[in-house]
Amino acid sequence: MTGNQYLTGLTLYFIGYVLFEIPCNIILKRTTPKFWLPTLTIAWGVVATLMGVTQNLAGFFAVRFLYVSDYASTFRNLSDVLPALVLPNLVFSLV
């Protein structure tokens, strides 16, 4: 893989992040984190496995785009949900 090919994959990463962040947040608002976060975790594992078995450049680009679609929603949703789950327990354990 040349430098320009890797930069193309990196560009796909940022384009996918911008495209998928808002729709995934809308899905989270319509469903519950109890359903959505495990689904994202399973999808992330499948896509990460596919990234490991990719053989050509087109496959790398496709898997990289799928990977960021899952990453954009997982990171944002975890940053919203985890403080609400962890902080109440932390406050009670300190008292």
Exercise. So what is the relative contact order of the stretch 14-74, in percent, for Cα pairs below 8 Å that sit 6 or more residues apart?
Worked result: 58 percent
Exercise. Leu82 to Glu21: extension gain in nm, 0.36 nm per residue of separation minus the Cα-Cα distance?
Worked result: 20.2 nm
Seminar exercise, completed: Heads up, the stretch 1-54 by the C-alpha gyration tensor (a ≥ b ≥ c square roots of eigenvalues; a/c under 1.5 rounded, else a/b over b/c prolate, else oblate) looks oblate
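We did not get these values from a lab; they are worked out from the coordinates using the rules stated. Bear in mind that the values here come from a model prediction, so they are computed numbers and not experimental data.
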